[in-house]
Amino acid sequence: MLQRRQYAGFWLRIFSFAVDYVLIQIVFVCLSLLITPETVKLGEPWELTLLNIGLQLIAASMVIMPFWLFMAASPGKRLFGLSIIDLETGEAPSKSQYLIRFFSSIVSVAALMLGVIWIAFDIKKQGWHDKLAKTSVISSGPRRKIFINYRQKVSLMQAGRVSDAIAANFGYNAIFHDKSSLVGGSNWKQGIEESLKSCAVMLVVIGDGWLDQRNPDGTRRLDDPDDYVAMEIATALKNDFKVVPVLVDNAPRLHSDDLPDRIKDLAFIEPIIIRDDDWNADIRKVIEAIYLYTEDPRKIGWRNFTSLFFSFCGMMMVSEDVVATQDAIAGGLLGIIGAVFGLASFARFRVVSSHARSWSIGLIIFAALVVITAISDS
C-alpha cells in the first residue's frame, strides 16, 4: 500500500542535529576524562588536536551508529519523530549507506555547514550526505497504525469526523481509512490485510442500525462470511490487536447474543461513547486510548533528553575541585530541573514504554547525584 512521503523540513533537522550534538559532546567529555584527564579543562573550548578530533569521531559513532542501525534514526531524530529511509525503496538504509552517510556528513558540516544548509533548498530535503548515501529523512509518525472500521451506510459521516480528529493528533499517514488510504489499482483485500498487520489499535465505529444492516437477499450483513466489516474485526481480534468500539448516533451497547461467533468478543470490550452534545470531551477519550496503545515501546521522549541536558549542565557547574558558591547553587538548580523533567517523563511513560521508564529512573538518579554534589560543595 503506497503512502505519500513527508520529508522532514530544515528546522526539524536542525533541532534534531542540536540534540545529537549535545549527546556527542557529553560522550566526548567522558572519553576525554577517561583517556587524558590532565588535558581536560571543563568550561573551556577544546583544542583542535588530532587526538580530540579522533575522540569526537569516536563519540559521534558511539551516539549515532547504534541508533541508525537499530532504529533508522539518531537520538535527535527519534525525539522529533523522524526516520532515515533509502530514497529508492522507502525502507531502512543498508549498512553501507549508513557508513557513507556518516562520513559524508563530516564533509557537510566541515564545509561551513553548506551541506546541511542545502536541506532548506532541496525538494526532497536532502543534505549533501543524504545525496551521497541516496537516503532521505521523513516524518515517520507512529510506528504502528490506527485502523478505522465502520459501515459506510450507517456511520460514514461520523467515521470521517473521528478520522479528522485523530489525524489532527497523529497525522493522516498513521490512519488506515478504507478508500482514502488505498490508491487506484491496489488490491482492496490485500490492502486491508497489509494494514492490519501493522495495526496497533482498531476503532470500530458503530452507529444506530449497525447490527441490522441487510444484504439485498435479506440476510444480515454481519452474518455474511465475506462481510468486510466483520472480517476486519475478526482478524484484529484473532491477532490480539487492541480493538476499541466507538458508539455514535446513540447506538446501543453490544450484546454477545446479537453477534456472529467470530466477533462475539467485541461485546465484552468496554466501548467509548461519543455524544454529539459533548463531542470534544468524548473524542478526547478516544485520543487518549490511541496514545496508550500506539506509543512506541522503544520511545525515549523529549522530557528525558531535556532532563539529561539540564543535569549535564548542572554536573559541569559542580565538577571542579573548588566550586564557587554561586556555581554550586546554579548546578543544584539545574539538577533539580533535570529531576523534574525525569519525574515528568516517568509519569508519562510508566505504563506504555518500559524503555523510556528505565531512562527516566536513571536520569532521576543522575539528577539527584548532581543536586547532592551541589549541596556538598556549597
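Here are a few things to note about the model shown:
- Placing pseudo-labels 7 Å out from each Cα toward the beta carbon at Phe15 and Phe70 gives an inter-label distance of 2.6 nm.
- Full-stretch length increase - Gln6, Asp277 - with 0.36 nm per residue and alpha-carbon distance subtracted: 94.0 nm
- Using the Stokes-Einstein relation with a Kirkwood hydrodynamic radius computed over Cα pairs, the translational diffusion coefficient of segment 10-139 at 37 °C and a viscosity of 0.692 mPa s comes to 214 µm²/s.
- Cβ-Cβ FRET estimate between Ile58 and Ala110, R0 fixed at 25 Å, reported to 0.05: 0.90
- Mean sequence separation of contacting Cα pairs (under 8 Å, at least six apart), scaled by the length of segment 83-132, corresponds to a relative contact order of 29 percent.
- Mean separation of Cα contacts under 8 Å, 6 or more apart, over the residue count of segment 302-377: relative contact order %: 42 percent
- Computed extension length for Ala167-Asp226: 18.3 nm, one decimal, from 0.36 nm per residue of separation with the Cα-Cα distance subtracted.
We did not get these values from a lab; they are worked out from the coordinates using the rules stated. Keep in mind that this is a model prediction, so the values were computed, not measured. Don't worry about glycine lacking a Cβ; one is built from the backbone with ideal geometry, like all the others, and counts go over all protein chains shown.
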